[in-house]
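Just below is one structure, and these are the notes that go with it.
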Amino acid sequence: MAMAALVLGSCGLKNTTEMSPSEPVIGKNEIKLDSDRLTAEALWAMGRIGQAEINEQTGLVVYSVTYYSVEQNKSNSELFLLNPADGTTVQLTNDNHYQGQAHWLSDDMIAYLSDESGSSQVWTMKISQNRAMKVNELKQITNYEKDIEDFMFSPDHSKLLFISQVKTVEQTVDKYPDLPKASGRIVTDLMYKHWDEWVENAPHPFLADFDGKEITNIVDILEGEPYECPMKPFGGMEQLAFSPDSKQIAYTCRKKTGLEYAISTNSDIYLYDICARTTKNLTEGNTNPAFSPDGTKLAWQSMARDGYESDQNRLMVLDLTAADAEPQFVSQAFESNVDEFLWLNNSRLAFTGCWHAVEHIYTVNLEGFAQEVSGGQYDYSLCGHQGDLILCKRHSMREPDDLYLLDLPSDELMPKQITFENKHILDQLTMGKVEERWMRTCDGQQMLTWIIYPPHFDPSKKYPTLLYCEGGPQSPVSQFWSYRWNFMMMSAHDYIIVAPNRRGLPGFGNEWNEEISGDYGGLCMKDYLTAIDEMCKEPYVDKDHLGCVGASFGGFSVYWLAGHHDKRFKAFIAHDGIFNLEMQYLETEEKWFVNWDLGGAPWEKGNAVAMRSYANSPHLFADKWDTPILCIHGEKDYRILANQAMAAFDAAKMRGVDAELLIFPDENHWVLKPQNGILWQRTFYEWLDKYLKVESK
């Protein structure tokens, strides 16, 4: 479920609010801090590194950085060029227009998206070959009638493949043109809403000829089809690929609409013949295709079970030269998800995956021999490669993303850092220690729990302590860096944080990962109580001042624990949580999730798994609520509707429990706008401090 993306605040969806050219350019913030404690203002002053790509011939790296202005309540993305050989960095753009999605078109040419012309179009810039790395000329090469959302060039540069929206649903004004100001929507099937929007359009891939100056002969590959490619809400160009000979395009699509779409996770990979303009279904139940460099093989990610969006994500390879070849499960030795991958050569791939709560880089050959090639208490993601030199991003709970180069022949698993985007801020801060602990659960299993300590931690003192409940529900508590759920910020407020990798999280084998499905109120909740009880044995934990916080499934966990915690906690905070499971089944848009995770519909009285799920709905235990609770929600969250938080808040108030409600009319499952983000942080810590730091006032 896309809820899992909640903890990945660092992914940084761009704020599309328009900017006036007369406003100051939003760029690098040279903030000076009053103390060495991380604050919300310092967090929002940090630059966020986005897409990066390495030139396979020159080794130069182009990347984007997004900056935020709290005052203007907006963001701005700029492009940079880096020479890793000598560390030289040049800022390529510097204005209030969006620039991003940069790709190397040649050794001295970069193509990128910019909205300088008034809409998002493809531009190119020529880079001088001298040491100064200056931009010589900028050219707009597309003037498409709609925004272009992403793009790629064919290997021979004769074709441009780009993504743009097409209308797929009849709107009220189409049916009744004499009612142009009518705001009502007529809905006749499911999937009428998705993530944070009403479904009226779908992204389509368009193919055009490119002569080096402009595009012509634009063709919609899915013309007349009401399907998404890439798939919403988070799919991108990784779901499409050119063959090395530029004659075919492999693309991912779930060719379903309405109810059929809502109950299925089954996407297929299709092969489009550019010359013949024909399409065939190449594989079923798969996504993210990539051709080998010689074009003889196709790799992709695959889940085996339709309707289970947290099934193991496997890396598959098919030999395209053999008519009767079967796909090979090359990552079988890695009992966790393959989160992303790339071809290194014709017989070896690199991928990232989470094992024991860290997201590392692995290599695997076609025989299935996998080897970890990165190291440390970090999470990595892949950006590209130059031969055996991998460009990657790395972050941890103690530091945001920077770019690194990993040299595969080296025996050292630590890559070389090549960007230092926030060094001027990080050098002013003291971060808390992050400790890995293994705890014995109630059924004798071993559970990895991260313990995060305040900066300047003094073991002779007692500290209020927070239990962090993860979202997803099957999203790992890895070494993530978040611009909202930031553990260094929590520790900077002198809280100890207990973050368990409870039942239902990947990285500990498939059995551990799947024990949450159909059992929301079972072992996963006992794991939470195990973690906080174990930490309460420490003399520096103030067991009389414990808090419990979480979002999405973590918000559900907070609501559930509020009725079962046996007076352990003194304050709760739930963000975008599920309060009433029966309503969630009917309100959420992706029905495959609730069908699988809850076991079925609430009217299936003979379904024992479903009945167990609904019997554990938090709203049924509100009569036991006795602890102050803060409920937070975004009204544009169509995954878990805001009425869940409103109902929980009302229940607390009706019970006579102190409660507060923070509602964002313009936010979705996340909080993306700077001033809303600051408001979120201030409200969060004011609530905790009110109940967990009573003696200090």
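Annotations
- Size descriptor for the stretch 592-697, Kirkwood hydrodynamic radius: 16.0 Å (Cα pairs only, one decimal).
- Nonlocal amide H pairs with His385, under 5 Å, H built at 1.01 Å: Ile54, Leu391
- Once the Cα atoms are used to define both axes, helix 523-535 deviates from the longest principal axis of the chain by about 70 degrees.
- Inter-centroid distance (Cα atoms) of the stretch 610-642 relative to the stretch 207-226, Å: 47
- Extension reserve of the Asn345-Asp319 stretch, reckoned as 0.36 nm per residue once the Cα distance is removed: 7.9 nm
- Share antiparallel - DSSP beta bridges, the chain, percent rounded to 5: 85
- Cα convex hull volume per residue for the stretch 288-437 (Å³): 138
- Between Glu582 and Ser246, the modelled label-to-label distance comes to 6.1 nm, taking each label 7 Å out from Cα in the direction of the beta carbon.
- Over the stretch 605-670, accessible surface divided per residue gives 40 Å², non-protein components excluded, 1.4 Å probe.
- The stretch 402-546 - convex hull of the alpha-carbon atoms, volume per residue in Å³: 152
- For the stretch 559-564, backbone phi angles converted through the Karplus equation (6.51, -1.76, 1.60; θ = phi - 60°) give residue-by-residue couplings of 4, 5, 5, 4, x, 9 Hz, Gly and Pro being listed as x.
- Overall, the accessible surface of the chain at a probe of 1.4 angstrom is composed of carbon and sulfur to the extent of 48 percent.
- Packing, taken as the mean count of other beta carbons within 10 Å per residue, orders the peptides 24-31, 673-680 from highest to lowest as 673-680, 24-31.
- Under 17 Å of direct C-alpha separation, and excluding same-chain neighbours fewer than eight residues apart, Lys32 reaches these lysines: Lys423.
- Between amide H atoms placed 1.01 Å from N, distances below 5 Å from Val541 occur with Tyr463, all of them 5 or more places distant or on a separate chain.
- Placing +1 on each Lys and Arg Cβ and -1 on each Asp and Glu Cβ, with no other charges, gives the stretch 123-256 a dipole about its Cα centre of roughly 360 debye.
- Peptide ranges 298-311, 470-483, 500-513 listed from the most packed, as the mean C-beta count within 10 angstrom indicates: 470-483, 500-513, 298-311
- MRE, 222 nm, helices only [DSSP H, n ≥ 4, -39500 (n - 2.57), over the chain, to nearest 500]: -4000 deg cm²/dmol
- Relative to the longest principal axis of the Cα atoms of the chain, helix 674-692 runs at roughly 20 degrees.
- Of the options [x] 70, 59, 58; [y] 86, 62, 54; [z] 68, 62, 53, only one is Cα extents along the principal axes in Å as computed from these coordinates, and that is [x].
- Candidates per chymotrypsin sites (Phe, Trp or Tyr not before Pro) in the stretch 575-644, loop by DSSP, up to 11 other Cβ within 10 Å: Trp603
- Summarising the label geometry, the points placed 7 Å from Cα in the beta-carbon direction at Met646 and Lys32 lie 4.7 nm from one another.
- Estimated vicinal HN-Hα couplings, Hz - the stretch 579-585 in sequence order (Karplus 6.51, -1.76, 1.60; Gly, Pro = x): 9, 10, 5, 5, 5, 4, 4
- Normalised per residue, the accessible area of the stretch 489-552 is 25 Å², obtained with a 1.4 Å probe and no contribution from ligands, DNA or RNA.
- Projected label distance in nm at Ser117 and His564, using a 7 Å step from Cα toward the beta-carbon: 5.7
- Placing R0 at 45 angstrom, the Cβ-Cβ distance between Arg437 and Lys126 gives a FRET efficiency of 0.25 after rounding to 0.05.
- In Hz, Karplus ³J(HN,Hα) per residue of the stretch 588-598 (6.51, -1.76, 1.60; θ = phi - 60°; x = Gly, Pro): 5, 8, 8, 5, 4, 5, 5, 4, 7, 6, 8
- Under 5 Å from the amide H of Ser347 lies no amide H of any residue 5 or more positions distant or on a separate chain, with H modelled from the backbone and absent for Pro and chain starts.
- The stretch 540-648: translational diffusion in µm²/s, Stokes-Einstein, Kirkwood Rh over Cα pairs, 10 °C, 1.306 mPa s: 111
- Taking the stretch 550-687 as the region of interest, the number of lysine pairs whose Cα atoms are within less than 18 Å, with members eight or more places apart or on different chains, is 5.
- Just so you know, the Rg over Rh for the stretch 152-290 is 1.02, from Cα atoms, with Rh as the Kirkwood radius.
The values are calculated or read from the model by the stated rules, or taken from the named source; none is laboratory data. Just so it is clear, the model here is predicted, and its values are computed rather than measured. Here Cβ is always computed from backbone atoms with ideal geometry, including for glycine, and neighbour counts include all displayed protein chains. What goes into the accessible areas is simple: the full protein's heavy atoms, side chains included, and nothing from ligands, DNA or RNA. Shrake-Rupley method; radii C 1.70, N 1.55, O 1.52, S 1.80 Å.
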